[in-house]
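**Q** What follows is a structure written as structure tokens; I'll ask about it next.
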Amino acid sequence: MWTAKATTVSLLHQSPPFLTITTVPSFIKSFNSLYPVSSSLASSSIHLSPIKLQYSISSSKKHHSPSRIQNPVKAKKVADDDGDDGGVDLGWLPAFPHVLLASMSNFLFGYHIGVMNGPIVSIAHELGFEGNSLLEGLVVSIFIAGAFIGSISSGSLVDKLGCRRTLQFDTIPLILGAIISAQAHSLDEILLGRFLVGLGIGVNTVLVPIYISEIAPTRYRGSLGSLCQIGTCLGIITSLSLGIASENDPHWWRTLLYIASAPGFILALGMQFTVDSPRWLCKVGRWDAAKNVISNLWGEVEVKKSIEEFKSVINNNGSDSEASWLELLREPHSRGSPTFSTIALIGGALFVLQQFAGINGVLYFSSLTFKDVGIESGGLASLYIGLTNFAGAVLALNLVDKHGRQKLLIGSYLGMASSMYLLVYGISSPLDEQLSQSLSIVGSLLYIFNFAIGAGPITGLVLPELSSNRTRGKIMSFSLSVHWVCNFMVGLFFLELVDRFGVAPIYASFGGVSLLSAVFCYYFIVETRGRSLEEIELSLKPIIRTKNK
């Protein structure tokens with residue numbers, strides 16, 4: 001029905017495509033020992049069963065919930081945990097400028113995702129490798145190789161320099177890569193530029209979720225964290241909109257790549273005026289600076305309580321404030337921070353499932369579906385897809401702190417599975433051609449919308465929340481590295497599998513992985529809404545020392 005052309009759009013919110021869960025019983029047994037009730041947290045309790053993991057706030061203690069944060073800027077005080085008394089709640093506003101500047105990194109990520117979607121043909125013609133699908137694919141995929149290296153190296157950088165300073169240094173490869181790509185007159189030059197850009201993007205995708213989760217007030221952490229996905233969507237939409245002109249101007253691609261350097265300069269300058277994470281400041285012993293940040297962003301009333309929580313976490317970790325990569329290979333109960341390897345495995349699994357649920361395949365073939373119904377411009381079709389993605393991300397921003405991470409993830413994957421099977425029905429059933437095409441378009445847009453509600457933004461949001469202060473950088477580094485490997489594998493094998501088995505069977509397998517993802521999130525994702533990072537961390541600490549005495 002469709003002929004494949006090797007241009008693949010890659011998306012975060014983004015192994016073999018089937019994941020067996022034969023080890024679920026042992027995982028659940030591991031979780032029961034990893035998630036005991038922490039006696040240090042009088043404000044809440046965690047109720048566990050061997051079937052399902054969930055937090056529940058004790059009603060008798062609910063008035064102590066950390067989600068009731070009094071912030072310095074409000075039109076009216078918040079009346080309760082889930083709403084207000086009709087006033088405008090502006091408690092998110094002090095942290096918003098810092099989050100917005102950090103999200104510029106995600107705008108760059110989205111821009112570079114979409115910038116090669118149309119101009120790759122013009123680039124290949126001008127640089128002398130037109131018609132060589134292997135080299136065209138290499139220009140696109142070298143970006144992923146750089147991103148993998150950037151992700152795996154970022155964990156150690158953030159531990160030493162902090163997110164703010166690392167984000168500033170990271171603009172160097174982003175700016176240089178964009179300029180080198182724009183001025184390229186040979187294949188080697190465009191490959192070098194794309195690799196440098198990928199290197200910078202790989203670091204950013206790790207750092208930005210960590211930074212936002214550590215500076216955002218607890219009550220608004222989910223909504224502010226969802227700005228990452230919105231930044232990515234806006235970047236994609238911008239590059240696709242600007243890229244439409246490349247269909248008439250064969251040299252327009254150079255202008256597009258020059259434009260890509262501008263957000264890097266804005267990010268480098270803007271981060272100079274943002275704050276360091278108060279958690280990182282405490283970890284390196286800068287307590288006064290941390291108190292100042294907390295007072296400015298969360299309110300003076302939060303300073304004492306937050307510093308006490310930070311000290312409790314640091315004392316729990318002992319003198320070892322930085323995790324080593326070797327801990328990833330150890331047994332979950334082998335040291336004082338036993339959740340490192342377990343949370344890292346969960347993070348890796350989440351990104352494996354996200355990628356093999358088929359987002360890149362749908363993004364690719366949806367443009368061909370639009371072409372079948374008369375939308376000949378690939379850039380215009382991709383723009384419709386980008387707008388759908390953006391709409392879902394905006395909805396996620398409004399839902400994540402009201403309904404929680406786990407519900408959105410499960411609902412998102414169930415919606416993706418339903419949309420995928422609708423798409424399969426439209427492709428494979430003996431229907432009227434117009435009806436079949438309509439079902440395919442509806443299925444594609446619904447799939448992307450459902451992805452943007454949960455699987456896209458929430459995957460990167462929940463992992464920093466589940467990670468401890470000393471392991472957060474390396475867990476995110478490992479998890480995003482897994483993401484890039486899976487992204488590359490999907491791009492490498494997808495077209496070959498479609499040629500061998502057809503579109504419908506591959507899409508049906510994507511639907512199966514989406515269902516499996518919903519099951520995984522039901523069993524292994526713990527709800528973190530309304531709880532401070534320190535409260536979550538202390539809750540996840542097994543009381544080994546007590547048992548050993």
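The values are calculated or read from the model by the stated rules, or taken from the named source; none is laboratory data. None of the values given here were measured: they were computed from a predicted structure. As a convention, Cβ positions derive from the backbone with ideal geometry for all residues, glycine included, and neighbour counts pool all protein chains shown. SASA here: full protein model, heavy atoms, side chains in, ligands and nucleic acids out. Shrake-Rupley method; radii C 1.70, N 1.55, O 1.52, S 1.80 Å.
**Q** Accessible area per residue, 1.4 Å probe, Å², for the range 445-549: what's the number?
**A** Roughly 30 Å² per residue, with all protein chains present.
**Q** Cα-Cα over 19 Å: which of Lys291/Lys311; Lys283/Lys311; Lys305/Lys407; Lys291/Lys474? Before the final figure, lay out each step's value.
**A** Values: Lys291/Lys311 12 Å; Lys283/Lys311 9 Å; Lys305/Lys407 29 Å; Lys291/Lys474 26 Å.
Distance filter (> 19 Å) returns Lys305/Lys407; Lys291/Lys474.
**Q** Express in whole angstrom the spacing between the alpha-carbon centres of the range 242-264 and the range 92-162.
**A** Here the answer is 15 Å between Cα centres.
**Q** What's the FRET efficiency of Arg500 with Leu100 using the Cβ-Cβ distance as r and R₀ = 30 Å, to the nearest 0.05?
**A** Efficiency at R0 = 30 Å is approximately 0.05.
**Q** Moving on to the next point. In square angstrom, what is the accessible area per residue of the range 166-285 with a 1.4 angstrom probe?
**A** 31 Å²
**Q** Of all the accessible heavy-atom surface of the range 123-187, with the other protein chains kept in place and a 1.4 Å probe, what percent is carbon and sulfur?
**A** That fraction is 69 percent.
**Q** Take Leu269 and Glu322, extend 7 Å from each Cα along the Cα→Cβ direction, and tell me the distance between the two endpoints in nm.
**A** Using points 7 Å along Cα→Cβ, the separation is 3.3 nm.
**Q** What order, most packed first, do the peptides 212-219, 425-432 have when packing is the mean number of other Cβ atoms within 10 Å of each residue? Can you show the working numbers first?
**A** Numbers: 212-219: 24.2, 425-432: 14.4.
For the peptides 212-219, 425-432, the packing ranking is 212-219, 425-432.
**Q** Pop out the carbon and sulfur fraction of the accessible area of the range 336-548 as a percent, whole number, probe 1.4 Å.
**A** Using a 1.4 Å probe with all protein chains present, the range 336-548 comes out at 66 percent carbon and sulfur.
**Q** For the pair Gln183/His125, report the inter-label distance in nm, with labels modelled 7 Å from Cα in the Cβ direction.
**A** The two pseudo-label positions are separated by 2.6 nm.
**Q** Can you tell me the dipole magnitude for the range 430-549 around its Cα centre, using point charges on the Cβ only (Lys, Arg +1; Asp, Glu -1), in Debye to the nearest 20?
**A** Dipole magnitude for the range 430-549 comes out near 1020 debye.
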